[in-house]
Amino acid sequence: MAKKTLLFSNTVGDVTQKDVDIRFNAYMEEYLMKNTDSGLRLVFVDAPGLGGEDNYLPNILNCFAKIGINFADVIKLGRDTFDETTRIALKSGGEKVYFLTGGNPLTQMEIIKKFNLTETIRDHEGLVIGFCAGAINLSRYSIITSDEDFDKPQSYEGINRVPITIEPHYNNENDEKRNAEIREFAEKYHETIYAIPDESVIVVEDQEIKEFGNIYHF
C-alpha cells in the first residue's frame, strides 16, 4: 500500500461552529472519493486551545458523509484521552486513516507525543490527512507565523511525513510581514515553503508532490 498524504487549509464553511453546512473543497472531495473507502477506522488527533474544537470532529465526519465515506469507528485522541481502551484500539488491526485536525499545532504535537505516534504517523502505509495545524505538524519542519493566535513566529521539527514544509491559510499574498517571516523560515531551514490557500490542496504520494489549485512557493 502506498503512503498517501493530503494537506489542506480549510473546509468550505466554518468548522468551529455547531450545526452548520460545511464540506471539503472540490479538490479534496474528488481525491477522497477516489482514494478512500467506507468501513475504515479513523484516528482523529485533536489540536485544542484556539476555540471551537468540540465542533471539529462532528463537522469533519459530516464532510466525509457528504461524499459517501463513513467510518467503521472513530478513535479520538485529545488532551484528556488517557484510558487504556484507546491505547489498545490504536494497536488493534484494521486499516486506519489518520486525520490531524486544525487548531493549535503545539497542543496537537503534545498529544501525538503522549501516544508515541510520531513514527507511526510518519511511516503509516495508507492515508494521512493534515488540516491546517495537522499540515504544519506533518511537515519536515513545522513553522508558525505570527497572527491573532501567536504573538511571534516559531518553529520546531515536524513529524516529517512529507518532504516539504507547509504554511496553511495563505490567502493574502500581499501581507509583507507574513511573507517576511515565511522567507526567514525558508532561509533558516534551506527549505522551500509551500503556502496553501483555503481553496487548494497538496497531495504527496510516497515522495511525489501534486498541487491542486494555487500554491505559493517561498
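The values are calculated or read from the model by the stated rules, or taken from the named source; none is laboratory data. Since the structure is predicted, the reported quantities are computational estimates derived from the model, not experimental observations. Virtual Cβ from ideal backbone geometry, glycine too; neighbours counted across all protein chains shown. Surface areas here come from the heavy atoms of the whole protein model, side chains and all, with no ligands, DNA or RNA. Shrake-Rupley method; radii C 1.70, N 1.55, O 1.52, S 1.80 Å.
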- request: Answer yes if at least one residue in segment 114-133 is surrounded by fewer than 24 Cβ atoms within 10 Å (Cβ to Cβ), hydrophobic (A, V, I, L, M, F, W, C) and more than 14 Å from the chain's Cα centre (by Cα), and no otherwise.
  value: yes
message: Among the listed residues Lys76, Lys91, Lys113, Lys34, identify the single one that is modelled with pLDDT under 90 and either over 23 Å from Glu205 (Cα atoms) or not small (Gly, Ala, Ser) (or both).
response: Lys91
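Table: residues versus (1) among the aliphatic types (A, V, I, L, M); (2) surrounded by 14 or more Cβ atoms within 10 Å (Cβ to Cβ); (3) part of a helix (DSSP H, G or I).
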position	(1), (2), (3)
Phe64	no, yes, yes
Asn70	no, no, no
Ile75	yes, yes, no
Thr86	no, yes, yes
Leu90	yes, yes, yes
Phe99	no, yes, no
Met109	yes, yes, yes
Ile112	yes, yes, yes
- request: Determine which member of the set Gly103, Gly94, Gly39, Gly51 is in a loop (DSSP other than H, G, I, E, B), buried (at least 17 other Cβ atoms within 10 Å of the Cβ) and not basic (Lys, Arg).
  value: Gly103
- prompt: Within segment 18-30, is there a residue that is closer than 20 Å to Gly93 by Cα and not polar (S, T, N, Q)?
  reply: no
- line: Ile60 fails exactly one of (1) assigned to a loop (DSSP other than H, G, I, E, B); (2) under 22 Å from Leu127 (Cβ atoms); (3) not small (Gly, Ala, Ser), namely (1)
- request: Scan segment 168-217 residue by residue and report those that are within 20 Å of the chain's Cα centre (by Cα), under 21 Å from Asp151 (Cα atoms) and open to solvent by 30 Å² or more (accessible area, probe 1.4 Å).
  value: His169, Asn171
- prompt: Hey, any hits in segment 147-160 for a residue that's open to solvent by less than 10 Å² (accessible area, probe 1.4 Å), closer than 27 Å to Met28 by Cα, part of a strand (DSSP E or B) and in contact (Cβ under 8 Å) with a residue 12 or more places away in the chain?
  reply: no
message: Considering only residues that are open to solvent by 10 Å² or more (accessible area, probe 1.4 Å), aliphatic (A, V, I, L, M) and touching a residue at least 12 places away in the same chain (Cβ under 8 Å), which ones fall in segment 5-36?
response: Val12, Val20, Met33
message: Here is a check on your reading of the model: is Val204 under 21 Å from Ala2 (Cα atoms), in contact with a helix residue (DSSP H, G or I) (Cβ under 6 Å, 6 or more places away or on another chain) and modelled with pLDDT of 95 or more?
response: no
